[in-house]
Amino acid sequence: FDTNFAADLTIMEEANEFVQRLTKGGDLPIMTSCCPAWVNFCETQYPDLLKYLSTCRSPQSMFSPVARYYFADKILGKKPDEVIVMSIMPCIAKKYEVAREELGKDGIIDTDLSLTVRELARMIREAGIDLATIEDAEFDSPLGYSTGAADIFGVTGGVLEAALRTAYTDVTKVELPDDAIEFKSVRGFEGIKEATVNVGGTDVNVVAASSLGCARKLMDELRADIAAGRAPKYHIIEIMACPGGCVAGGGQPFHGGDYEKVKARGAGLYAIDANKPKRKSHQNQDIKKLYAEFLGERGGHNAHTYLHTHYFDRSNPYAKEDPKEAALTTE
């Protein structure tokens, strides 16, 4: 399957969660939660700010239960424990994420194995497979189609841009025209990128940061604002642990400090997005079918069961407290 399908799914839930917080007085800013290294950093360094994290799982941890509990049953006729779910990721931290006990149920973890891009490349070489001679084929259906919004998920600012495309429509009930869906102010490889976007008459202040150093700067500012009784500066904060985003992920081919290679990967993702016939996650027909047949409404009971999670105060590694009592969630 194309796990970018799961990026579309993540965007659907994240955009919905932001809109609910914005319109119903929830905790803002909402902070993205698709990067497990950043989530771990927040749990250990800023547990007092965990309520601002989106409860949405990462694309890996959304895709896995959908594959295990929906695809296995509907398409394969298999029980959840009769299939193996493996992901190929640009990220070493995804291996840590797999081991989080809350990402599973009934004694079955959602993702059995997560390999990096480098590990897959090594396996391909060892097997003597020549990719140049393999005939192209489509991803399997119904979990194989993704929109352009999902493709830009892997570059810094991409999650924010993709979510805004759908959040705008959620609020205004109007589709952004094709010439207005590229939020170029949050593109680029600067450590911190700010923008103000008008969504249905409301100015939404957003920021995208990559690297944990930049994350720390934003979190210190947020903590100081809260302590001083000031309104937080932003409505949405996107953070990726790797400088430049997943295109420079720890599981990607080594770039040796040559960020021109990383920028080229990012440019490739934007080019893919620009050439996709559908560029907004809510236009994905397979996503619509999944909600209709399995998940129900966005943010509803089944969506929370399979697509959302909770977090823990991990600031004291020697604490003996009950994990259930330490769990924090905005559900």
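Brief remarks on what is shown
- Among Glu14, Glu43, Glu101, the largest mean-square fluctuation in a Gaussian network model of the chain, built with springs joining Cα atoms closer than 10 Å, belongs to Glu101.
- Here the simple spin-label model places points 7 Å from the Cα toward Cβ, and for Lys288 and Phe254 these points are separated by 4.8 nm.
- The orientation-averaged shadow of the Cα convex hull for region 147-281, equal to a quarter of the hull surface, comes to 8.7 nm².
- Relative contact order of region 1-154, pairs being alpha-carbon contacts under 8 Å that are 6 or more residues apart, as %: 32 percent
- Think of a 1.4 Å ball rolled over the protein heavy atoms: the chain then has 47 Å² of accessible area per residue.
- For region 15-88, diffusion coefficient by Stokes-Einstein and Kirkwood Rh (Cα), 37 °C, 0.692 mPa s, µm²/s: 228 µm²/s
- What a 1.4 Å probe finds exposed on the chain is 53% carbon and sulfur by accessible area, rounded to a whole percent.
- The smallest convex shape that holds all Cα atoms of region 223-318, its convex hull, gives 237 Å³ per residue.
- Heavy-atom accessible area with a 1.4 Å probe sorts Lys276, Lys261, Lys95, largest first, into Lys261, Lys95, Lys276.
- Surface/4 estimate of mean projected area, convex hull on alpha-carbon atoms of the chain, nm²: 18.0 nm²
- Distance from the C-alpha centroid of region 62-101 to that of region 165-231: 31 Å, rounded to the whole angstrom.
- Based on Cα contacts under 8 Å between residues 6+ apart, region 194-268 shows a relative contact order of 28 percent.
- Extending 7 Å from Cα along the Cβ direction at Arg122 and again at Glu194 yields two label points whose distance is 4.3 nm.
- Computed [θ] at 222 nm, helices only, for the chain once each DSSP H run of length n ≥ 4 contributes -39500 (n - 2.57): -11000 deg cm²/dmol
- Between Ala37, Ala224, Ala162, the Gaussian network model of the chain with springs among Cα atoms under 10 angstrom shows the greatest mean-square fluctuation at Ala224.
- Reachable lysines, given that their alpha-carbon falls under 25 Å from the alpha-carbon of Lys261 and they are not under 8 places away in the same chain: Lys94, Lys95, Lys184, Lys193, Lys276
- Extended-chain gain in nm, criterion 0.36 nm per residue less alpha-carbon gap, Ala224 and Ala99: 41.7 nm
The values are calculated or read from the model by the stated rules, or taken from the named source; none is laboratory data. Small disclaimer: the values here were computed from a predicted structure and weren't measured. Glycine also receives a Cβ, built like all others from the backbone with ideal geometry; neighbour counts cover every protein chain displayed. Accessible surface areas use protein heavy atoms only, side chains included; no ligands, DNA or RNA. Shrake-Rupley method; radii C 1.70, N 1.55, O 1.52, S 1.80 Å.
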